[in-house]
Each structure stands twice: as C-alpha cells, then as structure tokens.
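We did not get these values from a lab; they are worked out from the coordinates using the rules stated. Keep in mind it's a predicted model, so treat the numbers as computed, not measured. Heads up, the Cβs are rebuilt from the backbone with ideal geometry, glycines too, and the neighbour counts pull from every protein chain shown.
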Amino acid sequence: MMWDDDFMPDVSGFWQEPDFLLADLVSAFVNRGGMQLGITVFMKGMVITGTLVSEREYLSTMSKMFAKQARKSLLHPTPEELKATEELFDFTNLTEDDRTDRENDEDEDEDDDFDDGEVHVPTIRHMHLKDPVILQPQSSISFSQSQLPIMRIRLTAVDGWMMGKVTLDDSMGDFSLPPSEVRH
C-alpha cells in the first residue's frame, strides 16, 4: 500500500519524549531556582496533584530517612560512626541537573570554540511532587504522612499537566436526594 506523505504514519517517536515546557519549568524554576509550585498531572488515567519541589529536596529527604534508619541499627555508635553514616547516605549531590552540568562542562572543555551564547537547559528525566494526592471519585489518597512524602515521577509518564494544586472541595457535604426523589 502506498502512503501519501500527508498521511504517512509518524515513526519518529516524538510523542514518547517528555513535554519540553514541563522539563524546562522543572529544571529552571524548581531544581535550579528552588521554587515550589503547585501542579496537577495526568498520568495513564490518574489525576495527581501536589507541590513540585527540587530534586535536591527529594534527595535530601531520602538521605535523612536512610541515615535515620541506619542510625537505629547501630548499637552504641561512636561520633565517627554517626558521621560516616551521614556521609554514606548523603545523596544530595546526585541531581540530574548537576550531573548534566558536569557532562556539559567536560564537553565544553573538549571544544573551546563552543560559545553560542545560548542558555543550555539540562536534560532531566524526573520531577518530584511533594505531598501528592491521587484524585479519584472515591476518597482521595494522600501520602503526606509517609516517611518519604515526595513522589518521583518520570517526565515521560506524564500525559498532561496544568499549573496549580487542586484543592479538594467538600462543598456538597452529605448531599443526597430524599428516597422519594431518587432518579434512575
């Protein structure tokens, strides 16, 4: 079967790439600028709302959680052991932005003519949602009381997004129709 160029199936796979606006927003404002932003994301039929936080905050929270668990397992730890435990579980310098910056710096060192005056936004793969709430017709599910209340989401998994954290409105209260007025 011959395909007209206008109707040729696209095989580039661009649709599998993350939204560049979302990636730039996460990288520039959240990871680098330290801003926390309310966001609602749509993923595979789910609606999740929360606050975007930096990857450094996520890694710092995770580091503290692991170090706390490790300290609990030590019997009569010395100050040196406590310090070594803190250092062992310090993941805060493993951010994607920092790793990409180091790789770009190495590339620039190799190519001294590289100076196009453009701002290079690093390629990141994840965003981090603090106190995520999964919205659904039944009671919503919240993770704010968990040990690590920050969700790591692959940017390629996001189908859609909008700025702003959804607030749950219970204005309907215990609304129900009287039994005689129930409609089918």
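Just a few scattered comments:
- Separation of region 40-73 and region 130-161, taken as the distance between their Cα centroids, equals 10 angstrom.
- When each of His128, His76 is scored by the number of other beta-carbon atoms lying within 10 Å, the sequence from fewest to most is His76, His128.
- Efficiency of FRET between Glu81 and Gln36 - r from beta-carbon atoms, R0 30 angstrom, step 0.05: 0.30
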